[in-house]
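For reference, the structure is listed below as structure tokens.
The values are calculated or read from the model by the stated rules, or taken from the named source; none is laboratory data. Model, not experiment: these values are computed from the prediction. Cβ placement follows ideal geometry from the backbone for every residue including glycine, while neighbour counts extend to all protein chains displayed.
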Amino acid sequence: MTSYSQKSRWTVEEDERLMSLLKQYSNNFREIAKYFSERSYNQVRSHYYNLLNKHEKALKQQNILPNVLAQNALINQINQSEKKINRPGIKNIKLIDESPASVPSMLGTQ
């Protein structure tokens, strides 16, 4: 069993590596943790969710997150109605990515 004694703060480089690996591995934290020799799976996962919560709070304070969610709901509604009436129109509108890994990019912190 590996001993993880790393209790220090996460560095900017580690945060950037984490965000980069999330794009590749999604939320497979067991795979991502392999790239952090001094951090455990739980440390990596917990740090990610802590970052996510911080960014989500910042977005809510700036009133950005509710707008993104509302816009995506509207686009989904349009796409569904277009499918029901089976006529050409607005289709394949790209949704604003609201996945946890994209939150830092929405803030411009990548």
Top-ranked residue of the range 22-48 - restricted to ones that are in contact (Cβ under 8 Å) with a residue 12 or more places away in the chain and among the hydroxyl-bearing types (S, T, Y), ranked as farthest from S8 (Cα to Cα): S26
Does the range 28-35 include one or more residues that are modelled with pLDDT under 80 and surrounded by 15 or more Cβ atoms within 10 Å (Cβ to Cβ)? no
Scan the range 77-90 and give yes if some residue there is part of a helix (DSSP H, G or I), at pLDDT 55 or above and loosely packed, with under 11 Cβ neighbours inside 10 Å, otherwise no. yes
Condition set surrounded by 13 or more Cβ atoms within 10 Å (Cβ to Cβ) and either assigned to a loop (DSSP other than H, G, I, E, B) or among the small types (G, A, S) (or both), scope the range 7-26, selection farthest from the chain's Cα centre (by Cα): answer is W10
Hits in the range 57-69 (condition: at pLDDT 75 or above and crowded, with 16+ Cβ neighbours inside 10 Å): none
